[in-house]
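All remarks here apply to the structure that follows.
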Amino acid sequence: MTCLDTPPRGMSETKDEVKEEYADVIESDKTERMKDTKRSEEDEKHHGDFATVSSAASSMHEGQSEDHDPEAITTVPSNSPPYSVFSKKQKYFIVCLAAWGGFFSPLSANIYFPALTKLVVEYNVSSTLMNLTLTSYLIFQGLAPTFFGDFADMAGRRPAYIIGFIIYIGANIGLALQNSYAALFVLRCIQSTGSSATIALGNGVVADIATSSERGTWMGYVTSGPMVAPAIAPIIGGLLSEFLGWRAIFWFLVIMAGVYMLPLILFFPETGRNVVGNGSIPPQSFNMSLLNYLQARKARKAYGENELTRAVSRDEQQALARKRKLRIPNPLGTLKVIGQKDAGLLLFYNSLVYTAFYTVISSAPYLFEEIYGFNDLQIGLSFIPFGVGAMIAPMTAGKLLDWNYRRLAKKTGLRIDKKRGEDLRDFPLERARLHIAFPMLVIGTLVILCYGWVLQVEPSLAAPLVLHFFLGLCLTGAFNCMSVMLVDYYPLSSATATAANNLVRCFMGAGGTAVITMMIDAMGRGWCFTFIAGVITFFSPILWVLMKWGPKWREERRLKIESQANAGG
């Protein structure tokens, strides 16, 4: 783990796209090894399916020409390898599929909301007891990524995705067929286990392919999936529950997951940096997409294994081979992240905001039924404003994060290199992220405060729906800012770091959903949400602490990791 986006030395650099066969690459490697090469934006733009072999071959060429990118950072050698060999089109495809994968966890949680009141009657249990199925979902949403995150950083993103979705599909089949509250409770835990890792994996994919200067935008893309789900999931759930019965919700999820698995298995490439480096090292055969596996097998038959892999440095192969050794996933890695002063404070504050956010949403079905007499479909439709706000937030926050990064880079004299990344040791990273999060948190906290008193007087439906929109926009945008900052802290173990984020916020969110209806009954709507807003306000100085002492703590961690690496090497 490191705070630097600069990739390890020795990784290969992209060259020309291989059009039809590997022959051109091998011939080039034999005859032009001592010639200068000249990389251009057009090479990277047209980098194709054979990027692994092409970039490996180019790494054998000596005396590479200087890259004349006007934004190139002066502290990074111009002939150093790119941060990622994937072309922009490939990145869009990878992030699109990661965003779609991240869609399933919040989809499974929110599609369930409109059916809660019907399930209370079906199983003859109290609303508090039914809320425990939400609480258990959140608990496992926090626990499961601690295993999947470490597994994904160790073995790769693809195996973690595939195993997670197999578990998820099985759980949904069970949920559609079960007939008891106990089975519902247990299978919801398993459903959460299968789907919850996808958000951590999506953040990990972004860290694999994007440097800090553009990470805000790419994180906006990948989190758009999880943010779109709250906009449409309650509507889908309300329609299915009202007209086909609540069991149709889970059959729908089975079909959706099955459709997703097709492009995942066929086309999604491995991106984990501990497995493929910057994308130039071939993964293990079991870790290839079906398309890449067929291409590699065809090439081996035509040219032989040695010719295709000889261009990759032996040191690089050996280093990654050591990291590729499979072991039992260690969830304690997430505890190490939580134990860091800067990351721990960030995770704690983010979890408070998440708890406030989730208590508002999880209590909405009961409050809207009580105040307005809504049925399942109407409850689902009432989530539209919240979902629209949450859908807009990631892209808005992402663009603002990258703009603020560029602004501070110019102010501090840091020249940006989008291809290779920047040395962030002297860069005010915390200010670059939290300057954008702070105003969103202020507005979001005020919205929570107003929301409780608006419901207290039971006005027309327009008032709480408008507040739901701003709640989704501001608090979701703040989540995105803090998530990007956490990935910046741990770009090489981003899935593990995101798993730590899930663990803390989901455990605290689970506690909030377990008691929110009791708090509303005991304190009243107005004072209950006033208390929640007050807690967020009380702990907000944590952001100032991070901006003031965060850079020092980040540098201390970097030096410690460097010394450990040197001692181990």
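The values are calculated or read from the model by the stated rules, or taken from the named source; none is laboratory data. These figures come from a predicted structure and were not determined experimentally. Every residue, glycine as well, gets a Cβ built from its backbone with ideal geometry; the counts of neighbours run over all protein chains shown. All accessible areas refer to the heavy atoms of the entire protein, side chains included, with ligands and DNA or RNA removed. Shrake-Rupley method; radii C 1.70, N 1.55, O 1.52, S 1.80 Å.
Taking the Cα atoms of the range 447-569 alone, what are Rg (to one decimal) and Dmax (as a whole number) in Å?
Taking only Cα atoms of the range 447-569, I get Rg and Dmax of 19.5, 67 Å.
Can you give me the orientation-averaged projected area of the convex hull built on the Cα atoms of the range 432-512, in nm²?
Average projection, Cα convex hull of the range 432-512: 6.1 nm².
Accessible area per residue, 1.4 Å probe, Å², for the range 449-569: what's the number?
Values: 4840 Å² over 121 residues.
With the other protein chains kept in place, the range 449-569 gives 40 Å² per residue.
Could you give the length gained on full extension between THR128 and PHE348, defined as 0.36 nm per residue of separation minus the Cα-Cα distance, in nm? It would help to have the intermediate numbers written out before the result.
Working: separation 220, 0.36 × 220 = 79.20 nm, distance 2.59 nm.
Length gained between THR128 and PHE348: 76.6 nm.
Return the subset of LYS91/LYS399; LYS410/LYS552; LYS89/LYS336; LYS336/LYS548; LYS89/LYS399 for which the Cα-Cα distance in this structure is over 28 Å, preserving the input order.
LYS89/LYS336
Work out from phi, with θ = phi - 60° and the Karplus expression 6.51 cos²θ - 1.76 cosθ + 1.60, the ³J(HN,Hα) of each residue of the range 518-532, listed in order in whole Hz, and give x for Gly and Pro.
For the range 518-532, the Karplus curve yields 5, 5, 5, 5, 7, 9, x, 4, x, 6, 4, 6, 5, 4, 4 Hz.
Taking only the alpha-carbon positions of the range 170-279 and ignoring solvent, what does the Debye formula give for the base-10 log of I(q)/I(0) at q = 0.11 Å⁻¹?
-0.49
Given the peptides 243-256, 210-223, arrange them by the average over their residues of other C-beta atoms within 10 Å, most packed first.
Final packing ranking: 210-223, 243-256.
At 1.4 Å probe size, with the rest of the protein present, what percent of the exposed accessible area of the range 109-201 is carbon and sulfur atoms? Present the calculation step by step, with values, prior to reporting the outcome.
Working: 1970 of 2590 Å².
The nonpolar share, carbon plus sulfur, comes to 76 percent.
Provide the per residue accessible area, probe 1.4 Å, for the range 217-303, rounded to a whole number of square angstrom.
Working: 3310 Å² over 87 residues.
Heavy-atom accessible area per residue stands at 38 Å².
What FRET efficiency would be calculated for the residue pair LEU177, GLU370, taking the C-beta separation as r and a Förster radius of 41 Å, to the nearest 0.05? Let's see the in-between values first.
Working: r = 32 Å, r/R0 = 0.78.
Working from the Cβ atoms, E equals 0.80.
Leaving ligands, DNA and RNA out of it, report the carbon-plus-sulfur percent of the accessible area of the range 421-569 at a 1.4 Å probe. Show your work: numbers first, answer last.
Working: 4070 of 5800 Å².
Roughly 70 percent of what the probe reaches on the range 421-569 is carbon or sulfur.
Output ³J(HN,Hα) for the range 265-272: one whole-Hz value per residue in order, computed from phi by the Karplus curve 6.51 cos²θ - 1.76 cosθ + 1.60 with θ = phi - 60°, and x for Gly and Pro.
Couplings: 6, 7, 10, 5, x, 6, 10, x Hz.
Around ARG415, which amide H atoms from residues at least 5 apart in sequence, or from another chain, sit under 5 Å from its own amide H, with H modelled in the peptide plane?
Excluding prolines and chain starts, which carry no amide H, the hits are THR74.
Work out, step by step, the length gained on full extension between ASP426 and LYS411: first 0.36 nm times the residue separation, then minus their alpha carbon distance; give nm to one decimal.
Details: separation 15, 0.36 × 15 = 5.40 nm, distance 1.23 nm.
My answer for the length gained is 4.2 nm.
Suppose each label sits 7 Å from its Cα in the direction of the beta carbon; what would the PHE538-ILE255 distance come out to in nanometres?
Label at PHE538, label at ILE255, 4.8 nm between them.
Tell me, what HN-Hα J-couplings in whole Hz come from the Karplus equation 6.51 cos²θ - 1.76 cosθ + 1.60 at θ = phi - 60° for each residue of the range 343-358, using x for Gly and Pro?
With the stated coefficients, the range 343-358 comes to 5, x, 5, 4, 5, 4, 5, 4, 5, 5, 5, 4, 4, 4, 4, 6 Hz.
Which semi-axes, in whole Å and largest first, does the equivalent ellipsoid of the range 356-478 have when worked out from the alpha carbon gyration tensor as the square roots of 5 times its eigenvalues? Don't jump to the answer; show the numbers that get you there.
On the way: eigenvalues 301, 37, 18 Å².
Ellipsoid half-lengths, sorted descending, are 39, 14, 10 Å.
Taking H placed 1.01 Å from N in the peptide plane, check which residues at least 5 places from SER493 or on another chain put their amide H under 5 Å from its amide H.
THR2
Can you give the translational diffusion coefficient of the range 96-248 in µm²/s, computed by Stokes-Einstein from the Kirkwood radius over Cα pairs at 37 °C and 0.692 mPa s? All intermediate terms of the calculation are to be shown ahead of the outcome.
Numbers: Rh = 16.1 Å.
The calculation lands on 204 µm²/s.
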